[in-house]
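Any read-out appearing in this document is the output of simple, stated calculations on the displayed coordinates, not a laboratory observation. Remember, it's a predicted structure, so these values are computed and weren't measured experimentally. Every residue, glycine among them, receives a Cβ derived from its backbone with ideal geometry; neighbour counts consider all protein chains shown.
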Amino acid sequence: MLGRDKLCAVVAAPDARSMRRQLARALQETRTVELRLDWLSDDFEIIDFLAQLAARPPKATLIATCRRREAGGRYRGTIAKQLVHLAEAVRAGCEWYDLEIETVRQCPPELVDVLLGDAKQLASAHFFRGMPRSLARIAAELMRHRPDAIKIAAQCDSLKDSQRLLGFARKQRNVVAVPIGDVALPARFLALRGKGAFAYAPVENVTAPGQTSLDEMKHLYRADRMDARTRVYGVIGNPIGHSLSPAMQNAGFAARRMNAVYLPFLVPDLKDFLGSVGPLGIRGFSVTLPHKERVIRHLDGCDPLAVRIGAVNTVVARGGGKLYGYNTDYVGVLRSLERRMPLRGSRVLIVGAGGAARAVAFALAQAGAAVCVCARRDARAKALARAVGGEAVARPRLRREFFDAIVNATPVGMYPQAGRSPLEANELNCRLVFDTIYRPRITRLLQLAGRLGIETVSGVEMFVAQGTAQWEIWTGERAPVKAMRDAVVQTLAREEKAGSEDNERKKRAAR
């Protein structure tokens, strides 16, 4: 429609030099680019950038946008100046220009034709506070002056809203639908399965809520390759932005060259998501906090062990829209520990009594280990110990007790509170310490254990093991474990490097 590529790179920066740098990066990934002129700090920067563009126009489909503040953009000038800049952009090589409904309403169409008649018009309307009541009415108003295409962007606070917006666009010709908001993020990808689909992806600066960077869209999600046959999987949770599951699972699909994608779903309303599984064609999904226990009552069937654990982290969508649940966390526990120690007859302490601790406890009990539970709330520790035939251990006893292994199943020590440990050094009387936390890879607890010469196991081991088990349940094939593990480790390493550099900058600034 607007260009040859499904991904439209969004170039947005405060100065002409940064705009040129972003444009060069964009053209390495796609040949369709939106130039957000309104992000440039003033008219002089706009003139400078367009002069440079005119001198060396790239062979690409360029869309010029100079959105005024009244329409959610950054341009502070008059409508007359806005149109002049768009006309300059057309002369500099832009094939399309985006003109928002607020300007269309106030501007005589004859003036637009005189200034911009040589280019194609994308008439747009943006609704940042919610979905408009009548999409048909908005579309009719946008089409009144016969643009070449129209765009409707709307805040979608549910997947149901996203489906309504995308469904409307599918029934029209030359309509670009853009769901806005973090809940709507997956819908931006799912729209790409349609014919003539189109999605915006920022090179550096996010220009609307729910956008995913061009680099991630292209290389992590392979969004430019999506079509009607793409199988869709995902992870649901609230929050969900921290999840490494998309990096791991998509690496598996890429390694096996499968036409499949795994997306993060921010799910504040579980019923909204479950009602969208069928309409969106979702084949399976991972479940994380706070839905692991809640989702069970909505399933059509569940693995008996998951029922005993009381939590599901993996769901398969079968024929007829039936949902079946599993728990692969226990697989992650066993695969992480079995290679390091004999579990049968071992005495293992679990710190915590929540959902993660239950999966660890049942896994160890089934493997023949003597399970001990220590938790902040004695009643919960005793209840979990009873459920697996184990023993509750009060914290004051830890300094006098010895265990073959200690497993942390609490979030204490997880990013962003990475400096904390659930136990003190003098409470680590054991041969091995296993922390289920994987971000950071080396937690404060593992640091303490390492200094004492105790063998340590990072939560990365469990995370990869449970994730590859999920992948195999969904696909029915052996998982490419190395590729999936490498994706997780490399992502964590980049995060750690960025965090270290950020800390160093803060130290220099404080001097």
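Quick notes
- K382-N205 pseudo-label distance in nm [points 7 Å out on the Cα-to-Cβ vector]: 6.0
- Protection proxy ranking, peptides 261-269, 391-399, average beta carbon neighbours within 10 Å, highest first: 261-269, 391-399
- Under 26 Å of direct C-alpha separation, and excluding same-chain neighbours fewer than eight residues apart, K151 reaches these lysines: K6, K59, K81, K120, K160, K171, K195, K218.
- Selection of GluC sites (Glu not before Pro), segment 421-459, meeting DSSP coil and at most 14 other Cβ within 10 Å: E424
- Rounded if a/c under 1.5, otherwise prolate or oblate - segment 205-339, Cα gyration tensor axes: prolate
- Global form of segment 7-228, assessed from the alpha-carbon gyration tensor, a/c cut-off 1.5: oblate
- Helix-only mean residue ellipticity at 222 nm for the chain, each DSSP H run of n ≥ 4 adding -39500 (n - 2.57), per residue, nearest 500: -11500 deg cm²/dmol
- Cα shape, segment 341-462, gyration tensor, a/c 1.5 rule: rounded
- Value of relative contact order over the chain, rounded to a whole percent, pairs C-alpha under 8 Å and six or more apart: 9
- Annotation: the residues M248, M484, M143, sorted from fewest to most other C-beta atoms within 10 Å of their own C-beta, follow the order M143, M484, M248.
- Note on E501 and D15: the model spin-label points, each 7 Å out from Cα along the C-beta direction, lie 1.9 nm apart.
- Segment 347-476 - percent relative contact order, Cα under 8 Å, separation 6 or more: 20
- Panel order for E141, E338, by other beta carbons found within 10 Å of each beta carbon, from fewest to most: E338, E141.
- Exposure proxy order (Cβ contacts within 10 Å, fewest to most) of C156, C430: C430, C156
- Correct choice for volume of the Cα convex hull per residue in Å³ that was computed from the model, options (i) 176; (ii) 166; (iii) 242: (ii)
- Cβ-derived FRET efficiency at R0 51 Å, R347 paired with E477, nearest 0.05: 0.85
- Loop-resident sites, segment 149-186, for trypsin sites (Lys or Arg not before Pro), counting at most 16 other Cβ within 10 Å (DSSP): K171, R173
- Spacing of the modelled spin labels on F44 and A394, each 7 Å from Cα toward Cβ, amounts to 7.4 nm.
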